[in-house]
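Have a look at the structure below before the remarks.
The values are calculated or read from the model by the stated rules, or taken from the named source; none is laboratory data. The model shown is predicted, which means the values in this text are computed figures rather than measured ones. Here the Cβ positions follow ideal geometry from the backbone for every residue, glycine too, while neighbour counts run over all protein chains shown. With ligands, DNA and RNA removed, areas are computed over all heavy atoms of the protein, side chains included. Shrake-Rupley method; radii C 1.70, N 1.55, O 1.52, S 1.80 Å.
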Amino acid sequence: MNCGHRALSRATLCVCLAGLGLVVQAAPDATRGEQVYARCLACHALASDRVGPRHCGLIGRRAASVAGFDYSPAMRRANIVWNEKSLDRFLAKPMRVVPGTSMTYDGVPLATDRDDLIAYLKKVNAEAVCKVGSRNTP
Amino acid sequence: MSFLKISDPISARRLFLGCSGGMVLSGAAVALLAGNEALAAKTGGSTVGDVQILNTAIGAEFEAIAAYQLGAESGLLTKPVLDLAVTFQGHHKEHVTLLSSTVEKLGGKAVLAKAKYNFPVDQLKSQLDVLKFAAQLEQGAVSAYLGAVPLFGNRDLAKAAASILGDEAMHWAVLRQAIGEPPVPSAFMS
């Protein structure tokens, strides 16, 4: 099943259950989030800085705090700590949340995609790729 | 040459269809645009944001050039794949030339290539590894341009970015085919 179908199925499930008076939020899917993460790979990597900063250690990190990375002035001024809520907001419309950011990307419009992407970033942060520290890893 | 240079769409299309050689690909990108560049820069809705978008794209294009250089020098590629890599690298060089020129036409300062890039060299042990790595970058590039197109204040720039997106998508499809994966995995990109 492709990403679109899965997202649709999840939405359909929610609607159906809501119709029955049951509101069930499907759990974010980190495996699907890895597929969403492919959109980020022109500029980002997990364990190394590229056009954008590394994503290992992102959750809980203050924006513009990766040592040695050349952030935009806008991001340096942003005063954001990256958590599920702030990431969700930023990923939906990066340039609206941080006008002037170098992340000139329209955003991830579907909430389910953002949930899954954030779940992936949380999951992968506990894995070996992010445990070794800075490495040359996509 | 910049995104904003060709005088009208018909002559641009003629240029696109009628030429060959290194300048043609740049011409093809430019060919999608219409209007005097100074006028376009003045009235086309270009903004400081457009320069930022272009510079982010240039940064990623430079990295792609370096990645293909790494692949080409790896000694892991057979001749046909090496030729393909060099061809695709050439496209990325043309993108940089065009994007940088456009930034300067808009009064900005184009970013330069980094002195060093971090690539997963320890994971590139075969031609397949190199192809997969390149495919990953190209897929990301498609998404990045897709995410940039709606942001441009100048619609001509959006159109030109879409033309580069098409090129990146072709790279991605060819690389997927070379890897042995379905070249076009879905009807839509995101």
Residues that are open to solvent by less than 20 Å² (accessible area, probe 1.4 Å), of a type outside the set (A, V, I, L, M, F, W, C) and in a helix (DSSP H, G or I): does the stretch A:88-110 have at least one? yes
Which of the residues belonging to the stretch A:117-128 are part of a helix (DSSP H, G or I) and either open to solvent by 50 Å² or more (accessible area, probe 1.4 Å) or more than 13 Å from chain B (Cβ to nearest Cβ) (or both)? A:118, A:119, A:120, A:121, A:122, A:123, A:124, A:125, A:128
Which condition does residue B:75 not pass, out of (1) closer than 27 Å to residue B:173 by Cβ; (2) open to solvent by 40 Å² or more (accessible area, probe 1.4 Å); (3) at pLDDT below 95; (4) assigned to a loop (DSSP other than H, G, I, E, B), if it passes all the others? (3)
Counting only residues that are over 21 Å from residue B:187 (Cβ atoms), more than 7 Å from every other protein chain (Cβ to nearest Cβ) and either open to solvent by less than 30 Å² (accessible area, probe 1.4 Å) or in contact with a Gly (Cβ under 9 Å, 6 or more places away or on another chain) (or both), how many does the stretch B:134-160 have? 9
Kindly provide the set of residues from the stretch A:34-46 that are among the small types (Gly, Ala, Ser) and surrounded by fewer than 22 Cβ atoms within 10 Å (Cβ to Cβ), ordered by number. A:38
Sort through A:127, A:34, A:84 and tell me the only one that's of a type in the set (D, E, K, R) and more than 13 Å from the chain's Cα centre (by Cα). A:127
Go through (1) among the basic types (Lys, Arg); (2) open to solvent by 70 Å² or more (accessible area, probe 1.4 Å); (3) under 20 Å from residue B:143 (Cα atoms) one by one and return the number of the condition residue A:114 breaks. (2)
Residue that is surrounded by the fewest Cβ atoms within 10 Å (Cβ to Cβ), among those in the stretch B:94-133 that are hydrophobic (A, V, I, L, M, F, W, C) and within 11 Å of chain A (Cβ to nearest Cβ): B:121
Return yes or no: is residue A:58 in contact (Cβ under 8 Å) with a residue 60 or more places away in the chain, more than 12 Å from chain B (Cβ to nearest Cβ) and within 25 Å of residue B:58 (Cβ to Cβ)? yes
